[in-house]
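Taking it in order: structure first as structure tokens, then the write-up.
The values are calculated or read from the model by the stated rules, or taken from the named source; none is laboratory data. This one's a predicted model, so the numbers in the text were calculated from it and none came from an experiment. Here the Cβ positions follow ideal geometry from the backbone for every residue, glycine too, while neighbour counts run over all protein chains shown. Protein only, heavy atoms only, side chains kept; ligands, DNA and RNA dropped before computing areas. Shrake-Rupley method; radii C 1.70, N 1.55, O 1.52, S 1.80 Å.
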Amino acid sequence: MKPNKPNPPAAKKPADNHGAKAQPQPVKKVGKDPHAQAQAKGPVQPAQPQQQIQQVQQQPAAPVQQVLAYSQAVQLPKILAVIEKDKSDNLVTMLVDYTGNAYTFFKYKGELIDLSELNIQEQIKGKAHEQSIEQARKTLVASLKLGGTVVFHMDITAVNIPEFLKSDWFKEQIIFSYQEIHKEQYYKKQLLKPEEDVDNFGNKGHFMSKQELNLVLLFTSSIPDKQPEIFLHEAGLFHIKNQFRATKIIE
């Protein structure tokens, strides 16, 4: 008998990986080369402060200052109509007279507070300043009570009105305003003396302002082309220029 040959070793089967989870392999991200990008864009700019890169908000435009110019040029006989029109618009009439006749006109048609004359009387005749202030106050009280036309006048002698009439009763924002001057809280508490607080029949405590009151600021001048704002600067009233309407008196 021939001896049996030994069986050849069984071939190893390849490992079956279907039943096992495949281990994920690291994936290499493919992108642009940052060095190449930097070279393409140029040198890197330094970071700007946050306040510099914030958008600047647009600021509102400053209000335009209105220029006070002459509204018209009229002859003297038309002045009363001008005053009434200005009054209906709640504006005080500012007159610049180049004829030299308006002063005489208002001596008969109104009550004058001649600031230039009062100033001269103080400097030349030695009139007490307190007397000038009191004279102006009484003129204003009489016009307010009777409903007349009160005219603050200056000629070539410029007078700073708020400084010249500085007192407890003189408030330029109120006096040169048709709305404010008729308020009892002003004329009863600041303008009137206690004994003046009476009506036309002598009844105490019954003073009432008359709506017929007219307010005028008059400048007599011989300087041509002088603008209204310059007159108001000299009179110390530029800060309330919007309360006036300027008219030029011509021949």
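Would you please state which residues of region 88-110 a label at residue 212 would reach in this model, taking the label point 7 Å out along Cα→Cβ and a backbone N cut-off of under 18 Å?
In region 88-110, the label zone of residue 212 (backbone N under 18 Å from the point 7 Å along Cα→Cβ) covers 88, 106-110.
Give me the one-decimal nm value for the distance between modelled label points at residue 233 and residue 197, 7 Å along each residue's Cα-to-Cβ direction.
Placing both labels 7 Å along Cα→Cβ, they lie 4.3 nm apart.
Compactness ratio of region 172-251: Cα Rg over 2.2 N^0.38 Å, N = residue count? Before the final figure, lay out the partial values.
Working: Rg = 16.7 Å, N = 80, 2.2 N^0.38 = 11.6 Å.
Against the compact-globule rule of thumb, the ratio is 1.43.
Name the long-range amide H neighbours of residue 112: under 5 Å, sequence gap of 5 or more, or other chain; modelled H, no Pro or chain starts.
Amide H to amide H, under 5 Å and 5 or more residues apart or across chains, residue 112 pairs with 151.
Using amide H atoms built in the peptide plane, which far-off residues or other-chain residues are under 5 Å from residue 244 H to H?
For residue 244, whose amide H was placed from the backbone, the distant partners under 5 Å are 92.
Once region 101-251 is represented by equal point scatterers at the alpha-carbon sites, with solvent omitted, what log10 I(q)/I(0) does the Debye formula produce at q = 0.12, 0.19 Å⁻¹?
With one equal scatterer per Cα and no solvent, log10 I(q)/I(0) is -0.52, -1.28.
Can you list residues whose amide H is under 5 Å from residue 220's amide H, if they're 5+ apart or on another chain and H is modeled 1.01 Å from N?
Close amide H contacts, sequence-distant or interchain: 97, 154, 155.
Explain nothing, just compute: Karplus ³J(HN,Hα) = 6.51 cos²θ - 1.76 cosθ + 1.60, θ = phi - 60°, for every residue of region 192-207 in order, whole Hz, x for Gly and Pro.
Using θ = phi - 60°, the values come out as 7, 8, x, 6, 8, 7, 9, 8, 5, 9, x, 6, 5, x, 10, 4 Hz.
Tell me the carbon and sulfur percent of the accessible area for region 110-231, rounded to whole percent, probe radius 1.4 Å.
On the way: 3110 of 6220 Å².
Within region 110-231, the accessible surface is 50 percent carbon and sulfur.
How large is the direction-averaged shadow of the alpha-carbon convex hull of region 126-177, in nm²? Numbers along the way, then the final one.
Details: hull surface 16.9 nm².
The orientation-averaged projected area of the Cα hull of region 126-177 comes to 4.2 nm².
Among the listed pairs 193/248; 125/166; 107/127; 125/241; 87/125, which are separated by more than 30 Å between their Cα atoms?
Numbers: 193/248 37 Å; 125/166 21 Å; 107/127 22 Å; 125/241 33 Å; 87/125 37 Å.
Cα-Cα > 30 Å for 193/248; 125/241; 87/125; rest within.
Roughly how many nanometres apart are two label points built 7 Å out from the Cα toward the Cβ at residue 108 and residue 135?
Between residue 108 and residue 135, the simple spin-label model gives 2.3 nm.
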